[in-house]
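Please treat every number below as a calculation from the coordinates, not as lab data. Just so we're clear, the structure is a prediction, and the values are computed from it rather than from any experiment. Counting neighbours? That spans all protein chains shown, and the Cβs are built from the backbone with ideal geometry, glycine included.
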Amino acid sequence: MEREFWKPGNMLYPVPAVMISCKRPEERPNIITVAWAGTICSDPAMVSISVRKERYSYDIIKETGEFVINLTTNDLTFATDYCGVKSGREVDKFKEMHLTPCESKTIAAPGIAESPVSIECKVKQIIELGSHDMFLAEVFAVSVNPKYMDEKGKFHLNDIGLTAYSHGEYFELGKKIGSFGYSVKKHK
């Protein structure tokens, strides 16, 4: 069978769908949804996120040098999609999605209390790439929501329905739970 060839593009799916929280001093916090996020080093613990320069959160992260990666679940998928298609210039995403900012231990940007895992990051380098710039960041703290821990104190990360993004759709461990933009479509 002969394969079909397409123009170059990113087809490395699935990827985590995460909500990045950030905040300038004296301003309300904001959330941006990112699918281009990943682990880049384990010692020191480092991650990367890639963000378009025109996004509202881009300047916040660049100016403050910090952000929080908040993992998402089935219960957070609607908010994850909304925070990816609405701009923080126009709306307070925490308020609109009924999310709770929670204090971070090592940075000023808050985490999202409803997230099972919040990863506090400080930017070490910004690499200009084209459509997106990549923020390389060191992890300074990780907090977990105790509702996902059992009576023995074990955290059950793989049992909480983490969300992935693949080719325009959201999945929970292989089960489709939404598609890009569904949170803002007109309902009949």
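How would the stretch 1-110 be classified by its alpha-carbon gyration tensor: rounded, prolate or oblate, with rounded meaning a/c under 1.5 and the a/b versus b/c comparison settling the rest?
Working: a/c = 1.91, a/b = 1.55, b/c = 1.23.
Note, shape of the stretch 1-110 comes out prolate.
Counting other beta carbons within 10 Å of each Cβ, put 13, 82 in order, fewest first. Walk me through the numbers on the way to the answer.
On the way: 13 13, 82 20.
With the fewest neighbours first, 13, 82 line up as 13, 82.
At most 15 other Cβ atoms within 10 Å plus a DSSP loop assignment makes a site exposed; report the longest stretch of the chain without any exposed GluC sites (Glu not before Pro). Walk me through the intermediate numbers first.
On the way: sites that count: 2, 4, 26, 27, 54, 90, 103, 151.
Longest gap between qualifying sites, sites excluded: 104-150.
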If you take mean projected area of the Cα convex hull in nm² from the coordinates, which of (1) 10.3; (2) 9.5; (3) 14.0 do you get? (3)
Taking the stretch 123-188, the equivalent ellipsoid from its C-alpha gyration tensor has semi-axes in Å, biggest first, of 27, 26, 11
Rounded, prolate or oblate: which one fits the stretch 54-119, using the alpha carbon gyration tensor with axes a ≥ b ≥ c (rounded when a/c is under 1.5, else prolate when a/b beats b/c, else oblate)? oblate
What is the distance in Å between the Cα centroid of the stretch 133-179 and that of the stretch 1-51? 13 Å
Taking only Cα atoms and a 10 Å spring cutoff, compute GNM fluctuations for the chain and point out the largest among 17, 141, 164. 141
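What pairs from 62/95; 86/185; 7/62; 122/154; 23/147; 53/122 go past 20 Å between their alpha carbons? Please list the in-between numbers first.
Values: 62/95 24 Å; 86/185 12 Å; 7/62 32 Å; 122/154 27 Å; 23/147 26 Å; 53/122 18 Å.
From the list (62/95; 86/185; 7/62; 122/154; 23/147; 53/122), the Cα-Cα distance tops 20 Å for 62/95; 7/62; 122/154; 23/147.
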